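Values in this text are rule-based calculations from the coordinates and carry no lab data. Predicted, not measured: the structure shown is a model, and the values here were computed from it. FYI the Cβ positions are ideal-geometry reconstructions off the backbone, even for glycines, and counts take in every protein chain you see.
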Amino acid sequence: MPVFLQLAAGSFVIVLCAVLHLGIAGVIVRSLRENPALVEIRSFWTFFFRTSGLFLMFLISHTLQIYLWAFCFWLMGALPGHEAPIYFALVTYSTVGYGDLTLAQDFRIFGAMASVSGIFMFGVTTAFLVGFFARTLDARKS
């Protein structure tokens, strides 16, 4: 696959991932704004379950994005079967990159863009959770 097509396809998938991830974050933000009581922490268990819910929402988002990348690797013929594309997407998106499974030269740039996507989305998740914890701890002081 030519470099330009790899860049275009990878950019398109990154945009899809961003829309998905930011959409889920937007739903969370809207629910927190519409119900400020969600930030008030009355007990350890309240904090535990609300924080677990946030983690679960973001975990679902990241998982869907990994499956999206895996589907693209499979659809493009970059990796055969079902297990190999999911495995490769997971280790690439998370930037672990074991190197035990590699792409042919025709798909390397597209594959590298999965790691760019993962870095961006994990950054968004981290920023969101830091903001949530800061707001929650501030509400706790009041």
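Think of the chain as a dipole: +1 on every Lys or Arg Cβ, -1 on every Asp or Glu Cβ, centred on the Cα centre; then among C17, L56, F4, L56 lies furthest on the positive end. Charges were assigned to the Cβ only: +1 to each Lys and Arg, -1 to each Asp and Glu. The resulting dipole of the stretch 3-141 about its Cα centre is roughly 600 debye.
Converting phi to 3J(HN,Hα) with the Karplus coefficients 6.51, -1.76 and 1.60 and the offset θ = phi - 60°, the stretch 52-69 yields 4, x, 4, 4, 5, 4, 6, 4, 4, 4, 5, 5, 4, 5, 4, 5, 4, 4 Hz in sequence order, with x at every glycine or proline.
Would you kindly calculate the mean projected area, averaged across all directions, of the convex hull enclosing the Cα atoms of the chain, in square nanometres?
Values: hull surface 37.3 nm².
Mean projected area for the chain: 9.3 nm², to one decimal.
Across the stretch 100-106, computed HN-Hα scalar couplings (Karplus, 6.51 cos²θ - 1.76 cosθ + 1.60, θ = phi - 60°) run 7, 10, 10, 8, 5, 4, 5 Hz from first to last residue, x flagging Gly and Pro. Between the listed residues F120, I86, F73, the Cα displaced farthest toward the positive end of the dipole of the stretch 3-141, a dipole computed from Cβ unit charges relative to the Cα centre, is found at F120.
Multiplying each eigenvalue of the alpha-carbon gyration tensor of the stretch 94-142 by 5 and taking the square root yields semi-axes of 38, 10, 4 Å, largest first, rounded to whole angstroms.
Taking Cα atoms only, the orientation of helix 108-141 departs from the longest principal axis of the chain by about 0 degrees.
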